[in-house]
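The values are calculated or read from the model by the stated rules, or taken from the named source; none is laboratory data. Source: prediction; values computed, not measured. Cβ sites come from the backbone with ideal geometry, for glycine too, and all protein chains shown count toward neighbours. What goes into the accessible areas is simple: the full protein's heavy atoms, side chains included, and nothing from ligands, DNA or RNA. Shrake-Rupley method; radii C 1.70, N 1.55, O 1.52, S 1.80 Å.
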Amino acid sequence: MKSRLYPLYTKLKSLVIKVVLLIVAVFGTVNLSAQDRIELGGTLGVAYYFGDLNPSMQFLNSHLAVGGIGRYVFNDRLAFKGMAMYTNISGSYDGSNGRFVESTPDANYSFSRSIGDFSGQFEFNFLSYDHKFIASSTFTPYLSAGLGTIFYNRIEGDVGNNASKPVFILSLPFGVGAKYKINKWVRIGAEWSFRKTFVDDLDYVGDGGVDPSDPYGYGNTMTHNNDWISFANVYVTISMLKRKTRCNGGY
């Protein structure tokens with residue numbers, strides 16, 4: 001399994017680096033008069049999977065997640081954020097635990113795969129944040145939502161005849177977070193977010209002792225026919241230029 005994942009790991013690592021550099025290049029092309037609104041930085045945290053092999057347990061089988069972040073600030077209430085993340089997701093089924101509807105003794109199934117996550121989201125601040133004329137506006141919780149895509153190696157066929165191909169799928173990212181302005185240059189933050197996908201094969205790596213598309217006997221329901229991914233991460237961003245403004249009274 002490790003040898004099969006290594007080429008994908010190499011591709012994803014290269015792709016994440018390219019996307020981070022692209023974010024830097026795109027944000028860097030904005031004219032200098034707006035650069036006090038640009039933030040660039042890195043993010044670190046954990047990611048985990050929701051789906052047929054983990055219907056509801058938070059932070060089960062968490063894996064390290066790393067990436068880059070760029071933010072364009074429209075005003076003290078609204079910003080646009082671009083993110084590129086790399087992580088692994090995994091899950092398993094153990095029929096011997098006897099807790100589930102379709103539990104079968106000695107039926108086991110597990111998966112592990114690397115993914116790349118790319119998203120663009122709007123952030124809506126609950127409080128005035130980094131206002132030009134309000135020195136105390138250094139902290140705010142926020143909501144974020146937008147569109148994204150997930151890149152992974154899709155497995156088709158069965159254990160004895162696997163075929164794989166890299167694919168991009170649509171995701172809907174949304175989450176909550178909080179950010180704090182340390183000084184004119186440095187900002188820090190923490191975020192907990194989810195990605196809703198429209199596929200049910202992130203956990204599929206070939207047939208095993210159970211049907212991985214419905215190991216617990218839920219059937220085709222609204223809540224258990226697509227896979228989700230969650231990220232819990234912290235980040236540090238740097239403001240590209242010191243903000244230059246006159247005081248509110250014009251003095």
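The table that follows gives values for the structure above.
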read-out: Potential extension, VAL234-VAL46 segment - 0.36 nm per residue separation minus Cα distance; value: 66.7 nm
read-out: Proximal charge balance of LYS196 [Cβ under 13 Å; K/R count +1, D/E count -1]; value: -2
read-out: Accessible solvent surface per residue of region 118-205, calculated while the other protein chains remain in place, 1.4 angstrom probe, Å²; value: 48 Å²
read-out: Label-to-label distance, nm, for residues given as LEU78 and LYS165 (7 Å Cα→Cβ offset); value: 4.0 nm
